[in-house]
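What follows is calculated from the coordinates using simple rules that are stated; it is not laboratory data. Remember, predicted model here, so these are calculated numbers, not experimental data. As a convention, Cβ positions derive from the backbone with ideal geometry for all residues, glycine included, and neighbour counts pool all protein chains shown.
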Amino acid sequence: MRAWWSNRSAVIVIAGVLCCGLGGCGYNNLQRQDENVKASWSEVVNQYQRRADLVPNLVRTVEGYAQQEKQVLIGVTEARAKVGSIQVGTDVLNNPEAFAKYQAAQNQLTQSLKSLLAVTEAYPDLKSNANFRDLQSQLEGTENRITVARNRYIDAVREYNTNVRSFPTNLTAKMFDFQVKPNFTVADEQVIAVAPKVDFNGSAPAQSSGATAQPSSPAQAPPTLPRSPVEPAPPTK
């Protein structure tokens, strides 16, 4: 009985020492920060998906007023399809190449949407459409949510990566396979900040009345008629 109690006490003591050791070597903080990074990334993905869901309705609405802007419309549709073809989860945080590929696709969609909205400035009837205004408002709100979610992810990854690289926590990170997480780069932020270049010379906006405006020709002066010679008056008798 005493031997059994002694063995049990030894197990409890060893478990307590291990718990204290793991807590003291930073394991608990690493675990907490890792979960925070995953939660922050999930929010980024959710907001990106919210934006992608708005694209089909936005494209259909713009197409009804600006069918000649096929190049811009096709660009947005293809960028959205490319984003949808990439499946992401929290496992992408351990794959820098997959992370970069996903972010590149999102940056392409961002620029395509900027170009689309810039093109709509040439179509007053479209801008006054209630459905378009509602979609534009939802898109602006979603872009703001994406920015907030990205900033939270950046902060979470910065805290986690700093801890993973710092001594002596880095020893614990190596022991339990806590890897450095990929983060958004400065190049990503620059792409988002760049304004699109749109050329309105290639296509003319549709007229609201359905008539095609004709270029005005310069006013021409009326032709000058030749002056007839003055006949001399007949002689008086």
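Here is how the numbers come out for the structure above:
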item	result
Proximal lysine pairs, segment 33-193, alpha carbons under 25 Å, eight or more residues apart or interchain	13
P(r) of segment 111-154 over all Cα-Cα pairs, binned every 10 Å from zero, in whole percent	25, 46, 22, 8, 0
Ellipsoid equivalent to segment 118-184 - semi-axes via the Cα gyration tensor, in Å	46, 9, 8
Spin-label pair Asn131/Arg50, simplified geometry with 7 Å Cα→Cβ offset, distance in nm	2.3 nm
Net charge dipole size for segment 33-193 [Lys, Arg +1 and Asp, Glu -1 on Cβ; Debye, nearest 20]	80 debye
For segment 33-193: span of alpha carbons on each principal axis (Å, largest first)	64, 23, 23
Estimated FRET transfer efficiency when R0 is 25 angstrom, pair Phe167-Gln31 (beta carbons, to 0.05)	0.85
